[in-house]
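Nothing in this text is a laboratory measurement; each read-out follows from the coordinates by a stated rule. Everything numeric in this text was worked out from a predicted model, so none of it was measured. Reconstructed Cβ throughout: ideal geometry from the backbone, glycine too, with neighbour counts over all protein chains shown.
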Amino acid sequence: MQQSLKQKQSILNMNIAIAFFAFLVVAVILWAVGELNYKNFQYVEDQPHHPDPTAHQGGEYRELGLQDILRDNSTKGYDAI
């Protein structure tokens with residue numbers, strides 16, 4: 001009885017080791033594929049989003065600084081509601 005229990009435990013440990021090794025191999029392969037896709041990715045913007053660089057300054061849609069954002073911060077708990 002003891003012999004078969006040790007054999008089962010040994011087989012279980014071996015299966016866990018094989019599964020871990022297979023997981024590492026798959027992870028490295030997917031990482032390599034992702035890196036190759038990233039290196040081959042070429043993005044060229046065909047037309048700029050805003051031909052006028054000052055398009056979002058002033059008016060209703062003005063660019064906010066950090067102090068402006070923190071003044072109207074929505075993370076002040078119940079005061080935000």
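Below are the figures for this structure:
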item: Sorted by Cβ density within 10 Å, fewest first, the residues Phe20, Phe41; result: Phe41, Phe20
item: Fully extended contour minus Cα-Cα distance, from Lys39 to Ser10, at 0.36 nm per residue; result: 6.1 nm
item: In sequence order, calculated HN-Hα J values of segment 5-20 (Karplus, 6.51, -1.76, 1.60; Hz; x Gly/Pro); result: 5, 5, 5, 5, 5, 5, 5, 5, 4, 5, 5, 5, 5, 5, 5, 5
item: Which of Val26, Val44 has the fewest Cβ neighbours within 10 Å, and the rest in rising order; result: Val44, Val26
item: Three-way shape call for segment 1-48 based on the alpha-carbon gyration tensor, with the a/c threshold at 1.5; result: prolate
item: Length released on extending from Ile18 to Trp31, taking residue separation times 0.36 nm less the Cα-Cα span; result: 2.7 nm
